[in-house]
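Chemist: Dropping the structure in here first, questions after.
Throughout, read-outs are computed from the coordinates displayed, never taken from laboratory work. Just so it is clear, the model here is predicted, and its values are computed rather than measured. Every residue, glycine among them, receives a Cβ derived from its backbone with ideal geometry; neighbour counts consider all protein chains shown.
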Amino acid sequence: MNKVTGHIFSFISRFRYHIVIILGVLIVGVFDENSFRRRMECYYQIEDLNTEIAKYEKQYQHDMERLKELKTNPDAMAKIARERYFMKADDEDIFVLSDDEQPSKGKNLYETTE
C-alpha cells in the first residue's frame, strides 16, 4: 500500500501544474454557472430574440405607414372597411369567394343541381 500511495504522490507532485490547469478548465468549462455551454446557450437565445425584435420592428413600421395613410387619406378608411369587414356602399354588391370545399352530408358528390 505504501508503494501505491508513493507512486500517486509522486505523480501528483510531478504533474501538479498540469492537473490544476485541467481541473480549472473542467470547472470553468463544464460545471460553473458561467460555463462555455451556458454561454453558447445564451448566445443562441440572444440571436433568436434579435430576429424576433427585427420582425416586430418591421411589423411596427408597416403599421405606422398604414396609420399615417389613414390620417392623411380619407379614402383609406373606406378601403380598409371594405377589405376587412365586408362593408359596402349602397350601390355595390359583395361576392365572397372561398376555396374551402365542404362535403355535403347525404348527397352524392357527382350529382349536379341545375
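Chemist: Which of the aspartates and glutamates could a cross-linker bridge to Lys79, judged by Cα under 17 Å and excluding same-chain residues fewer than eight apart?
Modeler: By straight Cα distance, Lys79 reaches Asp63, Glu65, Glu69, Asp90, Asp91, Glu92, Asp93.
Chemist: Using a Cα-Cα cut-off of under 20 Å, which aspartates and glutamates could be cross-linked to Lys88, ignoring same-chain neighbours fewer than 8 residues away?
Modeler: Asp75
Chemist: Quick one: if you stick a label point 7 Å off each Cα along the C-beta vector at Lys71 and Ile8, how many nm between them?
Modeler: Between Lys71 and Ile8, the simple spin-label model gives 7.8 nm.
Chemist: Using the Cβ atoms and a cut-off under 15 Å, what net charge is assigned to the surroundings of Ile80, where Lys and Arg are +1 and Asp and Glu are -1? Walk me through the numbers before you get to the answer.
Modeler: Details: positive: Arg66, Lys68, Lys71, Lys79, Arg82, Arg84, Lys88; negative: Asp63, Glu65, Glu69, Asp75, Glu83.
Summing Lys/Arg as +1 and Asp/Glu as -1 gives +2.
Chemist: May I ask you to derive the FRET efficiency for Glu57 and Tyr85 from their Cβ-Cβ distance with R0 = 25 Å, giving the value to the nearest 0.05? Numbers along the way, then the final one.
Modeler: Working: r = 28 Å, r/R0 = 1.11.
The pair Glu57/Tyr85 has a calculated efficiency of 0.35.
Chemist: Still on this structure, please answer the following. Once the piece of chain linking Val25 and Glu41 is laid out straight, how much longer is it, given 0.36 nm per residue of separation minus the C-alpha distance between them?
Modeler: Gain in length upon complete extension: 3.9 nm.
Chemist: A further question follows. Within 15 Å, Cβ to Cβ, of Ile8, how many net charges do the neighbouring residues add up to if Lys/Arg are +1 and Asp/Glu are -1? Each step should come with its number before you reach the end.
Modeler: Details: positive: Lys3, Arg14, Arg16; negative: none.
In short, +3.
Chemist: OK, next. Which ³J(HN,Hα) values, rounded to whole Hz and listed in residue order, are derived for the stretch 3-10 from phi using the Karplus coefficients 6.51, -1.76 and 1.60 in 6.51 cos²θ - 1.76 cosθ + 1.60 with θ = phi - 60°, glycine and proline given as x?
Modeler: 3J(HN,Hα) across the stretch 3-10, in whole Hz: 5, 5, 5, x, 5, 5, 5, 5.
Chemist: Tell me, what HN-Hα J-couplings in whole Hz come from the Karplus equation 6.51 cos²θ - 1.76 cosθ + 1.60 at θ = phi - 60° for each residue of the stretch 77-82, using x for Gly and Pro?
Modeler: Listing the rounded values in order: 5, 5, 5, 5, 4, 6 Hz.
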